[in-house]
Amino acid sequence: DSGVTQTPKHLITATGQRVTLRCSPRSGDLSVYWYQQSLDQGLQFLIQYYNGEERAKGNILERFSAQQFPDLHSELNLSSLELGDSALYFCASSVLPRNTGELFFGEGSRLTVL
Amino acid sequence: DQQVKQNSPSLSVQEGRISILNCDYTNSMFDYFLWYKKYPAEGPTFLISISSIKDKNEDGRFTVFLNKSAKHLSLHIVPSQPGDSAVYFCAANTIQGAQKLVFGQGTRLTINP
């Protein structure tokens, strides 16, 4: 158990819909990262927050947005969903905004868009 | 542009033998290289890392080798055990600027009894 909690674990929805994925980081971790893993692909970095502020952005689509709240939990909002958005979405956390790369990952949220 | 590549989608090794997983990268600015291990229905877990200024790091049965001139790293597992069966991701990181851990596509390792 990494200490990172993601909900929901599974989500099935239709094209055009909007969903919100939630992440609670490990206790004491201030930095939250979101990654997307499509079928048989590596993890693609989406976005990073540190103590409520956006820190880094990857190849995140404009239809996607995220935020980190004062209690440090984070939400990833996916809107106008397309079939290609079906993927595993991982949240990870770390204490510092920059480190060697050792992150603690949650179990992921599997999104299926039909 | 795939900066980190794992060209072998799968690898099968007999229990007790050595497992060697390979990874190539293109960006010479990476400061750290890491290996993550992932079991089904779980998130990736950190396994071992190496700084770009070193060429070897060892932790128990796991050793990572870095060849900067070839932009290549490898993970050696000796001896391989059934519990090592998992997907292994190679990843690379830069300390300066925004931290964006870059992952390879993963190699599925199967240890056969």
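The values are calculated or read from the model by the stated rules, or taken from the named source; none is laboratory data. None of these values were measured; they are calculated from a predicted model. Here the Cβ is made from the backbone with ideal geometry for all residues, glycine too, and neighbour counts use every protein chain on show.
Looking only at region B:14-59, count how many residues are within 14 Å of chain A (Cβ to nearest Cβ), small (Gly, Ala, Ser) and exposed (fewer than 13 other Cβ atoms within 10 Å of the Cβ). Summing the residues that are within 14 Å of chain A (Cβ to nearest Cβ), small (Gly, Ala, Ser) and exposed (fewer than 13 other Cβ atoms within 10 Å of the Cβ) in region B:14-59 gives 1. Scanning region A:98-114 for residues that are more than 12 Å from residue B:101 (Cα to Cα) and either surrounded by fewer than 16 Cβ atoms within 10 Å (Cβ to Cβ) or not acidic (Asp, Glu) (or both) yields A:104, A:105, A:106, A:108, A:109, A:110, A:111, A:112, A:113, A:114. Just for region A:35-94: of the residues that are touching a Lys or Arg at 6+ places or on another chain (Cβ under 8 Å) and polar (S, T, N, Q), which one is nearest to residue A:20 (Cα to Cα)? Looking at residues that are touching a Lys or Arg at 6+ places or on another chain (Cβ under 8 Å) and polar (S, T, N, Q), I get A:77. Given the conditions (1) within 14 Å of another protein chain (Cβ to nearest Cβ); (2) of a type outside the set (Asp, Glu); (3) part of a loop (DSSP other than H, G, I, E, B), report the number of the one that residue B:70 does not fulfil. It fails just one condition, (1). Taken across region A:26-41, residues that are aromatic (Phe, Trp, Tyr), out of contact with any Asp or Glu (no Cβ under 9 Å at 6 or more places or on another chain) and surrounded by fewer than 22 Cβ atoms within 10 Å (Cβ to Cβ) do not occur at all.
Of the strands (runs of 3 or more DSSP E) lying entirely inside region A:62-114, the ones with 3 or more residues being within 14 Å of chain B (Cβ to nearest Cβ) are found at A:87-94.
With respect to (1) surrounded by fewer than 16 Cβ atoms within 10 Å (Cβ to Cβ); (2) more than 14 Å from the chain's Cα centre (by Cα); (3) modelled with pLDDT of 95 or more; (4) farther than 30 Å from residue A:23 by Cβ, the lone exception for residue B:72 is condition (2). Scan region B:96-113 for residues that are surrounded by fewer than 23 Cβ atoms within 10 Å (Cβ to Cβ) and either more than 14 Å from chain A (Cβ to nearest Cβ) or touching a Lys or Arg at 6+ places or on another chain (Cβ under 6 Å) (or both) and the total you get is 5. Being loosely packed, with under 13 Cβ neighbours inside 10 Å, within 14 Å of the chain's Cα centre (by Cα) and closer than 14 Å to residue B:84 by Cα: is that true of residue B:10 here? The answer is yes for residue B:10.
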